[in-house]
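A quick write-up on the structure given underneath.
What follows is calculated from the coordinates using simple rules that are stated; it is not laboratory data. Nothing here was measured: the structure is a model prediction, and the numbers come from that model. Neighbour counts are summed over all protein chains in view; Cβ atoms, including those assigned to glycine, are modelled from backbone coordinates with ideal geometry.
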């Protein structure tokens, strides 16, 4: 039996139809039965500890119980949500139907696009409120998107200033940005809302249906600045003509439920963009043309320059 078949047997789902739908951090399969559909995750070895995955599953269960539309863990036949097959961590989640946010936006006029961002802001505020009320939140083992996790010696997603695609001038720029951003964050941190965040609410992780927004893929969820969550959700729309309206709608939706200090939003956009430059260092071989790496560098460079010019009177060369 394959690992997929062995994993399914632990949930009593033998002889079901499986389809590989993603393979990066984890191998993700859609599992179809005559009555239901599920998500099977085979986790990449060494990426998350057992304790971190158990915390993720417990967190999603809490959010689901509180009424958010997130994938909920499905207990195995033996009871635990997390199981092991040939040394690989495996779990099964409920399936959520819908279009990804980027696809949903394509067919809508600007006013309805803004409505979606307003709803997303509301949903993120609900996510943060509900997470703050989770009894196990403070002691759970999840990553930290804190100052060190963003601009420390070894950031969560890699040393962005060491990306081999950087020119010497770009490397110098990112090192200057890192220094200034770290100082800025150190001064600001006490004034910022910090707690559990999804940390990866890119358009592909927000599913839209007629009656709800569904938040999927909590793999990188952990503790972080709540404004970083909003910056992550908006970054890939930063160069869209509708961006100012999207940003206003999202912040409006969020702040109607929960206060948010967005005075330094540009800093968090630049920080989020820099994380992708670090993230791509170990994934450069996925794109032999290096087009993706060049795009990540260009976007982060633009935002880093804008941030330095606004806050530190640094002029463009």
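So what's the gap between the Cα centers of the range 244-310 and the range 21-45, to the nearest angstrom?
If you average the Cα positions of each part, the centres end up 29 Å apart.
Run the numbers for residue 32 and residue 115: contour at 0.36 nm per residue of separation, minus the present Cα-Cα distance, in nm.
26.6 nm
Label the range 3-94 by shape, choosing from rounded, prolate and oblate, from the square roots a ≥ b ≥ c of the eigenvalues of the Cα gyration tensor; if a/c is under 1.5 it is rounded, and otherwise prolate applies when a/b is larger than b/c, oblate when it is not.
rounded
Using a 7 Å offset from the Cα along the Cα-to-Cβ direction at both residue 188 and residue 211, what is the distance between the two label points in nm, to one decimal?
Taking the simple label geometry, residue 188 and residue 211 are separated by 3.9 nm.
Quickly work out the residue 65-to-residue 141 label distance, labels modelled 7 Å from Cα along the C-beta direction, and quote it in nm with one decimal.
With each label placed 7 Å out from Cα toward Cβ, I get 2.1 nm.
PRE reach from residue 294 (point 7 Å along Cα→Cβ): which of the range 162-195 fall under 15 Å by backbone N?
165-167
Subtract the Cα-Cα distance of residue 19 and residue 47 from 0.36 nm times their separation in residues, and report this length gain in nm to one decimal.
Net length gain for the segment: 7.8 nm.
Helix 110-132 sits at what angle to the longest principal axis of the chain, using alpha carbons and giving 0 to 90 degrees rounded to 10?
Once rounded, the angle reads 70 degrees.
Considering the chain as a Gaussian network with a 10 Å cut-off on Cα pairs, which listed residue, 166, 235, 188, attains the greatest mean-square fluctuation?
Between 166, 235, 188, it is 188 that shows the largest mean-square fluctuation.
If one takes the longest principal axis of the Cα atoms in the chain, at what angle in degrees, from 0 to 90 and to the nearest 10, does the Cα axis of helix 243-255 lie?
Helix 243-255 sits at roughly 60 degrees to that axis.
From the helices alone, meaning DSSP H stretches of at least four residues, give me the mean residue ellipticity at 222 nm for the chain, per-run term -39500 (n - 2.57), in deg cm²/dmol to the nearest 500.
-14000 deg cm²/dmol
Checking a compactness column here: for the chain, what do you get for Rg(Cα) / (2.2 N^0.38 Å), N being the number of residues?
1.02
Using 1/(1 + (r/R0)^6) with R0 = 41 angstrom and r between the beta carbons of residue 261 and residue 77, what's the FRET efficiency to the nearest 0.05?
The formula returns an efficiency of 0.30 here.
Mind giving me the FRET efficiency for residue 132 and residue 159? R0 is 30 Å, r the Cβ-Cβ distance, nearest 0.05 is fine.
So, using R0 = 30 Å, E works out to roughly 0.40.
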